[in-house]
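Trainee: I'd like to ask you about the structure that follows.
The values are calculated or read from the model by the stated rules, or taken from the named source; none is laboratory data. Bear in mind the structure is a predicted one, so any value in this text is a computation, not a measurement. We place every Cβ from the backbone using ideal geometry, glycine too, and count neighbours over all the protein chains shown. Ligands, DNA and RNA are stripped out before the accessible areas are found, and what is left, the full protein with its side chains, is counted by its heavy atoms. Shrake-Rupley method; radii C 1.70, N 1.55, O 1.52, S 1.80 Å.
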Amino acid sequence: SVIDVAAFQKAGYWTYDPGFMVTAPVESKITFIDGGKGELLYRGYPIDQLANNAEYLEVAYALVHGELPNAEQKKAFYAKIHSHTAVHDQLRKFFEGFRRDAHPMAIMVGVVGALSAFYHEGFDVNDERHREITAIRLIAKMPTLAAMSYKYSQGEPFMYPRNDFNYAENFVYMMFATPADVNFKVNPIIADALDKIFTLHADHEQNASTSTVRLAGSTGANPYACIAAGIAALWGPSHGGANEAVLEMLDEIGTVENVPAFMEKVKSREVKLMGFGHRVYKNFDPRAQVLKKTCDEVLTALGINDPKLELAMALEKIALEDPFFIERNLYPNVDFYSGIILKAIGIPTSMFTVIFSLARTSGWISHWLEMHSEPFKIGRPRQLYTGETQRDFVKIEDRK
Ligand code: ACO
């Protein structure tokens, strides 16, 4: 139920809700989640139908515009995206300021934030066309920036985007081709799996990073800076950083024989089983269901025999049968399987969360657009003060 905010304020009340467990700060028409039923809809469309039938860019269009595009709208949208995939050459120099061993997420926070310096003068947040071109630019440039952050860490030259490839293919090309590979071929199994991962990560209503984008946006801040704030929030291991943490956990466990001892550490709350559990889904994560199938298909199609992936599968089986996990409704979330797939298709672990940020950009910017399309208030939560009550100033010579 919705409270009468004005009456609450007048009476001097506010709600105390650490972690926003039961607080909705906005109305939104973008994404619907029923955690109990394991239901996730983008603009009303079930996530499995989108992931299995639509390309990520069509999904991005639907998130931004409210409807899936018809053939003409799709063509026009793709053309606009293709005309904005390149980044200004000056940005290359910006990359050069980072240590070469910098984490790619640190680079992403910096370079996406730096776009605000490229697109600030003359930007009018109240002009719908300015807002729309911002969304196009961000969706178009994220794969380029993400691939550049990887190439930089490898000491390899940046690859220019290829608009004859689709969105996921172009990303694979910019990540793995070198100027010497004139006939570089993108493996369709890898591109299709990535495209699904992009769609499944595109939006998830008021998660920590989207709330961060909205909160930053509510001050009227530059949208590129707001998205950089979202990337920073996503980086943490409790959120988007979980897919990277899954692989680190598998490294720590080492072999299947060590799983029981690791599970004891989980049960004594020394560590968490990364890639398990979710704030909203307490039965199953519908995105994980789609990705589990993709994961099986990719591993079979690529004929991969990696002991670490075998360990992941053994861990999943053991956890799903363990009463500790059953009692607490802890199931593998989307990041468990995305981590395994990304590892299987040769994406370096440090790029996992970068790929999440690339995919989530369409969701973040849709929320920013939705907020700016109607009147809104600056986000300004209250706090429960637990410090000292008023006391008098003490001169330094009199302090104990
Ligand atoms: N491993 C072991 N125990 C867990 C885990 C886990 N991954 N997740 C929750 N629990 C336990 C808690 O210890 C708690 O047990 P208790 O009641 O006996 O104390 C119970 O399950 C409830 O957990 P909460 O922490 O209250 O759940 P919350 O909704 O706050 O946390 C979260 C959700 C942060 C996702 C948590 O499950 C977690 O840290 N998971 C691992 C990290 C992860 O995979 N994050 C990705 C989320 S999906 C995404 O961002 C796309």
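Trainee: Out of all the residues in the range 51-79, which are open to solvent by 70 Å² or more (accessible area, probe 1.4 Å) and either of a type in the set (V, I, T) or not in a helix (DSSP H, G or I) (or both)?
Mentor: Once the filter is applied, which keeps residues that are open to solvent by 70 Å² or more (accessible area, probe 1.4 Å) and either of a type in the set (V, I, T) or not in a helix (DSSP H, G or I) (or both), the range 51-79 yields E67, N70.
Trainee: Related question: For the range 192-214, name all the residues that are more than 16 Å from the ligand (Cβ to nearest atom), hydrophobic (A, V, I, L, M, F, W, C) and surrounded by fewer than 20 Cβ atoms within 10 Å (Cβ to Cβ).
Mentor: Matches in the range 192-214: none.
Trainee: What are the pairs with Cβ atoms under 8 angstrom where one residue, in the range 11-24, is on the phi > 0 side of the Ramachandran plot and within 16 Å of the ligand (Cβ to nearest atom) and the other, located anywhere, is outside any loop (DSSP other than H, G, I, E, B) and not basic (K, R)? Sequence gap at least six, or different chains.
Mentor: That search, which allows pairs on different chains as well, returns F20/S211.
Trainee: I need a count of the residues in the range 291-311 that are open to solvent by 60 Å² or more (accessible area, probe 1.4 Å) and assigned to a loop (DSSP other than H, G, I, E, B).
Mentor: Of the residues in that region, 1 qualify.
Trainee: What are the residues in the range 279-290 that are within 13 Å of the ligand (Cβ to nearest atom) and either β-branched (V, I, T) or assigned to a helix (DSSP H, G or I) (or both), if any?
Mentor: Matches in the range 279-290: V280, P286, R287, A288.
Trainee: How do the pairs read when you match residues in the range 261-278 that are in a helix (DSSP H, G or I) with residues anywhere that are β-branched (V, I, T) and more than 6 Å from the ligand (Cβ to nearest atom), using Cβ under 8 Å and keeping only pairs 6 or more apart or on different chains?
Mentor: Between residues of the range 261-278 that are in a helix (DSSP H, G or I) and residues that are β-branched (V, I, T) and more than 6 Å from the ligand (Cβ to nearest atom), the close pairs are F262/I253; F262/V271; M263/I318; K265/V271.
Trainee: Report, by residue number, each residue of the range 213-236 that is in contact with a Lys or Arg (Cβ under 9 Å, 6 or more places away or on another chain) and outside any helix (DSSP H, G or I).
Mentor: Listed by number, the list holds a single entry, S218.
Trainee: Name the residues in the range 323-382 that are over 17 Å from the mean Cα position of the chain (by Cα), within 11 Å of the ligand (Cβ to nearest atom) and part of a loop (DSSP other than H, G, I, E, B), would you?
Mentor: R328, N329, L330, Y331 - these are the residues of the range 323-382 that are over 17 Å from the mean Cα position of the chain (by Cα), within 11 Å of the ligand (Cβ to nearest atom) and part of a loop (DSSP other than H, G, I, E, B).
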